[in-house]
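**Student:** Take a look at the following structure, please.
The values are calculated or read from the model by the stated rules, or taken from the named source; none is laboratory data. This structure is a prediction, so every number in the text was calculated from the model and none was measured. Counting neighbours? That spans all protein chains shown, and the Cβs are built from the backbone with ideal geometry, glycine included. All accessible areas refer to the heavy atoms of the entire protein, side chains included, with ligands and DNA or RNA removed. Shrake-Rupley method; radii C 1.70, N 1.55, O 1.52, S 1.80 Å.
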Amino acid sequence: MGGGSLRRYVLMRIALTVPMLLILLTIVFLLLRVAPGDPIAATMGDRISAEELESRRAAAGLDEPLLVQYGTYLFNALTGDFGDPVTDRRTTTGVVADTFPATLELTAFAMLVALVLGIGVGALSGRLRDTPFDVGGRLFGIIVYAAPIFWVGLLGQLFFSVRLGWFPTGGRATGFDAPNHVTGFYVLDSILTLDPSALWSSIHHLILPGTTLGLVFAGIFMRFVRVNMLQTLRADYVESARARGVGERPVVFHHALKNALVPVVTVVGLQFALLLGGSILTERVFSWPGLGLALIDFLGARDYVGVQGIVTFLALVVVIVSLLIDIASALIDPRIRH
């Protein structure tokens with residue numbers, strides 16, 4: 001019965017993903033088309049002749065009727081072809097392959113910071129309600145949530161990099177400390193190639209931008225975990241456990257905290273898209289060579305084809321992650337299936 005309801009839920013969720021994906025791709029396509037001017041002319045300016053401009057437009061399929069362009073765009077996007085940027089010799093797929101591991105590594109570290117701080121401080125605030133720790137934790141959560149990412153990043157650079165010299169101001173590794181390429185994830189590649197110098201350099205460069213990005217989302221998790229913890233500590237089954245003589249520590253960690261964290265899985269999925277958006281600003285501040293920095297470079301060069309390719313890829317990632325998070329939530333909490 002449980003397996004049947006889960007199967008139905010997964011199939012229904014996948015079916016709902018199709019129109020969501022179609023709407024997202026349509027919006028991305030239309031946004032490029034309503035932008036003023038021709039995408040190729042806007043990128044190249046006066047650097048090419050009229051004949052070369054027409055040739056490039058034909059190569060990009062921009063001389064086709066709009067519906068044909070739309071159909072080609074949908075087919076290419078769903079088959080992993082995100083177009084050829086005008087200002088980069090690589091395809092967009094090549095740009096994504098080169099830069100997305102850096103973005104994913106930064107996002108994963110930031111999520112780790114957000115979860116450790118958010119769950120730790122939020123759970124303790126709920127347990128120690130209205131104490132100075134609770135007030136301080138709530139105040140900290142509000143401040144880091146309200147602070148703009150770029151402002152936190154610049155402040156961190158000024159204090160920890162320029163004034164104290166503890167961390168580098170940008171980049172993924174120092175000089176020749178970049179590990180040999182295996183997966184594109186510097187920390188993982190350093191471990192796989194048994195290169196301690198590269199491992200230290202990678203982590204050293206990751207701490208400041210990762211913490212900057214993670215702090216903002218830690219504020220969200222703190223408030224959410226605290227509220228859930230307060231509700232769970234007042235639940236009947238927790239009171240029942242206390243009445244049976246179960247100690248306060250097992251009540252908090254084995255009964256209350258475990259159940260208070262179930263909704264956090266859904267929130268983590270919802271925050272993933274925001275985290276990717278936040279990583280774009282963080283990469284800009286710290287010159288982190290990820291997908292966000294590549295997107296900003298394309299925007300600066302007015303390379304709309306490159307912008308469309310990266311935004312399309314990010315939209316697909318967000319939709320797929322949302323689907324996986326929903327399925328994971330249904331596995332953890334059977335009530336969601338109904």
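**Student:** Under 9 Å between Cβ atoms, which residue pairs at least 6 apart in sequence (or on different chains) link something in the stretch 150-161 that is free of Cβ contacts under 8 Å to residues at least 40 places away in the same chain with a partner that is outside any helix (DSSP H, G or I) and surrounded by 14 or more Cβ atoms within 10 Å (Cβ to Cβ)?
**Tutor:** Taking only residues 6 or more apart or on different chains, the pairs are L155/A147.
**Student:** Considering only residues that are over 27 Å from E283 (Cα atoms) and either open to solvent by less than 50 Å² (accessible area, probe 1.4 Å) or touching a strand residue (DSSP E or B) at 6+ places or on another chain (Cβ under 8 Å) (or both), which ones fall in the stretch 64-102?
**Tutor:** Listed by number, the residues that qualify are Q69, G71, Y73, L74, N76.
**Student:** Another one. Which condition from (1) out of contact with any Asp or Glu (no Cβ under 8 Å at 6 or more places or on another chain); (2) over 30 Å from Q231 (Cα atoms); (3) of a type outside the set (K, R) is the one that V121 breaks?
**Tutor:** In the conditions (1) out of contact with any Asp or Glu (no Cβ under 8 Å at 6 or more places or on another chain); (2) over 30 Å from Q231 (Cα atoms); (3) of a type outside the set (K, R), V121 misses (2) alone.
**Student:** Same structure, new question: Against the conditions (1) open to solvent by 50 Å² or more (accessible area, probe 1.4 Å); (2) within 21 Å of D98 (Cβ to Cβ); (3) polar (S, T, N, Q), where does S197 fall short? Just the number, please.
**Tutor:** Exception for S197: condition (2).
**Student:** Give just the number: which of (1) over 17 Å from G278 (Cα atoms); (2) open to solvent by 50 Å² or more (accessible area, probe 1.4 Å); (3) of a type in the set (A, V, I, L, M) does I143 not satisfy?
**Tutor:** It is condition (1) that I143 fails.
**Student:** Only one of (1) of a type in the set (V, I, T); (2) open to solvent by 80 Å² or more (accessible area, probe 1.4 Å); (3) not in a helix (DSSP H, G or I) fails for T183. Which number is that?
**Tutor:** Looking at each condition in turn, T183 falls short on (2).
**Student:** Give M12, M20 a once-over and let me know the one that is at pLDDT 75 or above, open to solvent by 60 Å² or more (accessible area, probe 1.4 Å) and within 26 Å of L295 (Cβ to Cβ).
**Tutor:** Only one candidate qualifies: M20.
**Student:** Scan (1) of a type in the set (A, V, I, L, M); (2) open to solvent by less than 30 Å² (accessible area, probe 1.4 Å); (3) under 22 Å from A273 (Cβ atoms) for the single condition I220 breaks and write down its number.
**Tutor:** (2)
**Student:** Continuing with this model, one more query. Let me confirm something: among F217, F221, which residue is in contact with a Leu (Cβ under 9 Å, 6 or more places away or on another chain) and closer than 21 Å to G290 by Cβ?
**Tutor:** Answer to the check: F217.
**Student:** Taking A273 as the residue in question, decide whether it is more than 20 Å from L112 (Cα to Cα) and either under 13 Å from the mean Cα position of the chain (by Cα) or among the aliphatic types (A, V, I, L, M) (or both).
**Tutor:** On the way: more than 20 Å from L112 (Cα to Cα): no; either under 13 Å from the mean Cα position of the chain (by Cα) or among the aliphatic types (A, V, I, L, M) (or both): yes.
Answer is no for this residue.
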